[in-house]
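Read the structure below first, then the notes.
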Amino acid sequence: MIQLDKQYNPENVEERWIQYWKEHRLAHADETRDGETFSMAIPPPNITGSLHIGHAFNNTLQDILARWKRMSGYSTLWQPGTDHAGIATQNVVERQLHAEGTTRHDIGREAFIERVWKWRNESGGTINGQLKRLGCTLDWERDRFTMDEGLSRAVREVFVSLYESGLIYKGDYIINWCPRCHTALSDLEVEYEEKPGKLYHIRYPFKGEDGGLIVATTRPETMLGDTAIAVNPEDERHTAHHGKSVILPLLEREIPIIQDSYVDTEFGTGALKVTPAHDPNDFEIGRRHNLASINVMDIDAKINAEGGPYAGQDRMQARENIVRDLEEKRLLVKIDDHLHSVGHCYRCKTVVEPYLSKQWFVKTKPLAEPAIEAVRSGKIKIVPQFWESTYYEWMENIRDWCISRQIWWGHQIPAWTCGACGHMTVSREDPAACGECGSADLTRETDVLDTWFSSALWPFSTLGWPDRTEALKKFYPTSVLCTGFDILFFWVARMIMMGLRFMDDIPFENVYIHALIRDAEGAKMSKTKGNVIDPLVMMERYGTDALRFTLAAFAAQGRDIKLAEDRIDGYRNFCNKLWNASRFAFMNLEGYSGTCKLEDNAGERPLADRWILSRLNATVKEVDRTLTEFKFNEAAHAIYKFFWNEFCDWYIELSKSRLLSDGPEKAATQNVLVHVLEAGLKLLHPFMPFITEEIWQKLPAEGNSIMVADYPKADPGQTCVEAENQMNILMAVINGVRNIRGEMNLSPKQKLNVSVKSKDPATVGLLEKYDSYIKELARIDALLLGTATEKPRVSATFVNEGIEGYVDLEGLMDFDEEKKRLEKELKKIEKDFITIDKKLSNPEFIKKAPPEVIDKDRQRKEALSEKQAKLQLHLETIEQAISSQP
């Protein structure tokens, strides 16, 4: 019989099975195969990316689902691919050019695009290799890229179709502008951060009379573009000012006082400066009142010619100079400290500037309405469900989507302007002439589409749309989308809108939104804090299976994960436990000629066999339920408990004596052992693919890989409640003795004398029938059983499952020394209690300490309390023993 190495070495195993799965095309989906389908599309990682712990978490969960469904007989497609990541990728290549002493403008657009493609072909596949290293069974033969030929065709088709339907337009609009990246950003690409700032109160003098209105602003440099002062028509303080004008400070321009109900009467003086070109709310006010929009900044956020004497100054420099000039003219009333939310570019972290610009937009309201209904009707389920309210809130208040970006890397907008007549042609094919006047003088739009535009088509474009391919028919809509909450609107909502629009069907049936991974103290991971856990390092150090199982074991719905390296180390111990249990099985299969299939038993199986088969069946049912409900942590816990607690700690121990026997009893035990081991490996495989494949290949199992073996299915015939109840009683006695052995500091080698009493004669009969189990596993010399068994004079007691048990302590220890040891430990606990109580009763500590630190101290106090209670109980036992001595 084949034997396993003494120790499990992931380094020698993992790469071998990655290549094996690839060579045998085990992850390849067949669209011609009959039967049920299961499909997912990977959230495409950026080509600039490298595997971080968030990627590892998300893709581990997806791979668990893919492996589970594949083994369950589904025609399974996990669609791979990467995103071209417009701004991020362009920044990478621009930095390379900068290091070479040149710029994209120096080499021109065509050469720059060639340079980006070169970088992508050389370096853009890094993350795919890392996903393979993680064990992800994507169908790599179908790998797609958001800029490949097929997806580019899909993007163009969608753009032109939406334009022809009046859902894409070009117009002046306030957008979020990044002065560093020189591009517009969608609302979702702006990251807001609370920062201390200043609130400047400025007097705008009335025209032709004394006095003026005081307005407050955090951005005084934008006053150069003010075109009105607005007051609320219901605000009686300003009734007398209706119809009047003020003089714009510094530029001396006359601007009107207008009435608009948007103005908050509770803020400041109730007067609002209106700058339509530099504030989205002011832009809407300007539209309502036909105000001029004066853009006072250029694309670098420097003041332009409209700013008069401040032209050419950076916005921050202009702010300082404007405040100084206002003070000199006695128009600056006061400056208050002010905490406010400041928007930053999600890529380069530069402060974003609201900016009036010509951009391309998608009208989203008509697309959002059916997308809202798809979730409300239950066609799409969002898990956990509480995210649905967030989805509705955003979708019901959705703004038009700015889809143009002023960069070169991306899908160039298919629009051409005629130099002769000014007509704009939007076309699926590059036009040779103007559709209006026939002129060949055409200039293409230089902007590219937002990266998320192509990503929104991902579930159907990757399957061949706009062609009606067999893959599209078979695998769309997809079954599950697994993603983080941070792209619920960036990506998930937009996929729903586009799927319904162009496929007339939802893109996925379920959206599973996983939580965030934080550090051990609950803080967000960041390179600056130095608390980042690198999954590549963890895989190298502990093995990929240990990392994967850790991530799954802590994936509770709606609860962020506090991840520490020692937890990964802990699940490496689980790998070792599994390996050692399997080694035991192989060492005891000598002479076994059967398979892993459970053979029929001529008579009744022994209690241990009936019990483990029943527990296996219950675990199979539990894993199926929890994975169906996306409760990965509960599924992992069920498998862990079965393997470690039931199979390794109990069944293997109970099987040893029968495996040493000869004849039919040994063969039957070997059969149950390999059957349960193989079933357990198959249950575990989606979570720990490498070690399970390594062990399974050496078992007498059918097939060429565990990856495509049949996933265990519940068998009602294997459920045996009687066996489970009987084993619970036996385990209660054994655990009772083991606990006393540990708590009383008795040597594991020390054989004990134990008395057990139960009022139920049937329980006593059961214990008598299986007394060999109890003696062997609890290391008992003499076992006295009965309905009226007397308690020994000096003994420790356990009570469980309606049983009272006594471990005779006579002659086993020096009671006086044990009393001293316990008293010393209790004093130490008392001292620790005083220290921790002092901290927790200190209001300053509670006020200033992070919540996770306070929780940790409270948990420590609770643990000390439990330990104190146990030690106190043992001390009482020892004192009784001392007092009863002659």
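Which pairs break 21 Å Cα to Cα here: K69/K713; K656/K713; K6/K713; K828/K856; K524/K848; K529/K838? Among K69/K713; K656/K713; K6/K713; K828/K856; K524/K848; K529/K838, the Cα-Cα distance tops 21 Å for K656/K713; K6/K713; K529/K838.
How high is the relative contact order of the range 543-672, in percent, counting Cα pairs under 8 Å that sit 6 or more residues apart?
Taking the mean separation of contacting Cα pairs over the length of the range 543-672, I get 35 percent.
Quick one: compute a quarter of the convex hull surface over the Cα atoms of the range 1-101 and quote it in nm². Before the final figure, lay out the partial values.
Values: hull surface 44.7 nm².
Result: 11.2 nm².
Taking amide H positions as modeled 1.01 Å from N, with prolines and chain starts lacking one, the residues under 5 Å from T183 and 5 or more places away or on another chain are C178. Close Lys pairs in the range 535-649 (alpha-carbon distance under 24 Å; sequence gap of 8 or more, or different chains): 10.
The GluC sites (Glu not before Pro) of the range 233-293 that DSSP puts in a loop, and whose beta carbon has at most 12 other beta carbons within 10 Å, are E234, E252, E266.
Using a probe of 1.4 Å on the protein chains alone, the accessible area found for T103 is around 60 Å².
Largest to smallest in accessible area, the residues F485, F453, F502, F267 fall in the order F267, F485, F502, F453 (1.4 Å probe, all protein chains included).
Backbone amide hydrogens, once placed in the peptide plane, bring G312 within less than 5 Å of I303, N304, excluding anything fewer than 5 places away on its chain.
Reported to two decimal places, what Rg/Rh ratio describes the range 644-788 when computed on Cα atoms with Rh from the Kirkwood expression?
1.05
Our coupling estimate for the range 806-815, obtained by passing each phi through the Karplus curve with A = 6.51, B = -1.76, C = 1.60 and θ = phi - 60°, is 10, 9, 5, 9, 4, x, 8, 7, 8, 4 Hz, Gly and Pro reported as x. Net length available on complete extension from K751 to N645 is 35.8 nm, with 0.36 nm assigned per residue and the Cα-Cα distance removed. Under 16 Å of direct C-alpha separation, and excluding same-chain neighbours fewer than eight residues apart, K244 reaches these aspartates and glutamates: E209, D210, D226, D235, E236, E252, E254, D260. D by Stokes-Einstein for the chain, Kirkwood Rh over Cα pairs, 25 °C, 0.890 mPa s: 74 µm²/s.
Given a cut-off of under 8 Å on Cα pairs at least six residues apart, what relative contact order in percent is computed for the range 382-529?
Relative contact order, the range 382-529: 22 percent.
Here the Karplus relation 6.51 cos²θ - 1.76 cosθ + 1.60, evaluated at θ = phi - 60°, turns the backbone of the range 174-186 into coupling constants of 6, 10, 8, 10, 9, x, 7, 7, 6, 8, 6, 10, 5 Hz, with x for every Gly and Pro.
Assuming charge only on the beta carbon of Lys and Arg (+1) and of Asp and Glu (-1), the dipole of the chain about its Cα centre is about 1240 debye to the nearest 20. Taken per residue, the accessible surface of the range 750-808 reaches 51 Å², heavy atoms only and a 1.4 Å probe. Amide H contacts of K207: S245, V246, I247, each under 5 Å away and 5 or more positions distant or on a separate chain (H built 1.01 Å from N in the peptide plane; Pro and chain starts excluded).
Among the lysines of the range 270-383, pairs that are 8 or more positions apart or on different chains and have alpha carbons within less than 27 Å of each other number 13.
Largest first, how would R559, R25 line up by accessible area (1.4 Å probe)?
My answer, sorted largest first, is R559, R25.
Normalising the average separation of contacting C-alpha pairs (under 8 angstrom, six or more residues apart) by the number of residues puts the relative contact order of the chain at 12 percent. Using the Kirkwood radius over Cα pairs, work out the Stokes-Einstein diffusion coefficient for the range 262-360 at 25 °C and 0.890 mPa s, in µm²/s as a whole number. Value of D from the Cα-based Kirkwood radius: 157 µm²/s. What the phi angles of the range 677-691 give under the Karplus curve with 6.51, -1.76 and 1.60, with θ = phi - 60°, is a coupling list of 4, 5, 4, x, 4, 5, 4, 7, 3, x, 8, 10, x, 6, 5 Hz, glycine and proline written as x.
The values are calculated or read from the model by the stated rules, or taken from the named source; none is laboratory data. Given the structure is predicted, the values throughout are model-derived calculations rather than measurements. Virtual Cβ from ideal backbone geometry, glycine too; neighbours counted across all protein chains shown. Areas reflect the complete protein model, heavy atoms only, side chains present, ligands, DNA and RNA absent. Shrake-Rupley method; radii C 1.70, N 1.55, O 1.52, S 1.80 Å.
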